[in-house]
Amino acid sequence: TRYISVTGVQTCALPIWNDLSYVGRQETLKTFKGVSRGGNLGFKVVSFSAAEGAANKAKLNKLINITSVGTGGGGAYVVGPLVTLTIGKWFVNKTVAVSSCKIDAELADATWDLDIGMPQIVTVSLDFTVLEQLPKETYIG
């Protein structure tokens with residue numbers, strides 16, 4: 001059994017504006033370009049045994065690899081760091097682009113396990129951008 005404790009979930013929506021400058025006007029006018037929605041998920045992973053630590057280490061390595069660009073279709077095309085994220089009922093099957101994955105060792109709170117080569121407690125932080133999908137009735141075509 002793996003013990004994971006969510007330490008925080010943050011999300012924000014950022015409107016994007018373009019500046020327009022005209023000759024003879026000292027202020028800039030703004031035109032709305034769109035909205036970017038991003039977020040952060042933080043959680044702690046605890047290993048109570050060497051077996052759990054080895055399993056957690058493999059999962060954490062897989063998680064770090066999400067931020068790398070891979071290939072699909074036998075190397076025919078490039079695949080970005082996209083995942084489907086569900087956090088309770090707040091984010092349900094949201095496609096997100098992972099922009100960073102940070103893993104911190106909590107050496108003040110736990111010991112380093114020499115058998116598995118990592119600390120017993122690590123804190124993980126994922127930064128992501130939400131890729132919104134329009135409802136089907138809003139598509140033109």
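The values are calculated or read from the model by the stated rules, or taken from the named source; none is laboratory data. Not measured: the values here are computed from a predicted model. Methodologically, a virtual Cβ is constructed for each residue, glycine included, from the backbone with ideal geometry; neighbour enumeration extends over all protein chains shown. Ligands, DNA and RNA are excluded from the accessible area calculation, which covers all protein heavy atoms including side chains. Shrake-Rupley method; radii C 1.70, N 1.55, O 1.52, S 1.80 Å.
For region 23-141, list the strands (runs of 3 or more DSSP E) that sit wholly inside it and hold at least 2 residues that are open to solvent by 40 Å² or more (accessible area, probe 1.4 Å) and either under 17 Å from THR11 (Cα atoms) or out of contact with any strand residue (DSSP E or B) (no Cβ under 7 Å at 6 or more places or on another chain) (or both); which are they? Let's see the steps before the verdict.
Numbers: elements: 29-46, 70-72, 77-79, 82-87, 91-105, 121-130.
Strands (runs of 3 or more DSSP E) meeting the threshold: 29-46, 82-87, 91-105, 121-130.
Among the residues of region 5-22, those that are open to solvent by 90 Å² or more (accessible area, probe 1.4 Å) and within 16 Å of LEU85 (Cα to Cα) comprise VAL6, GLN10.
Would you tally the residues in region 58-83 being in contact with a Ser or Thr (Cβ under 8 Å, 6 or more places away or on another chain) and under 25 Å from ASP104 (Cβ atoms)? Quick ask: steps written out before the conclusion?
At the first step, the residues of region 58-83 found to be in contact with a Ser or Thr (Cβ under 8 Å, 6 or more places away or on another chain) are 67, 77-79, 81-83.
Going one step further and asking which of them are under 25 Å from ASP104 (Cβ atoms), we end up with 67, 81-83.
The total comes to 4.
Within region 56-87, being at pLDDT 75 or above and polar (S, T, N, Q) holds for ASN56, ASN61, ASN65, THR67, SER68, THR84, THR86.
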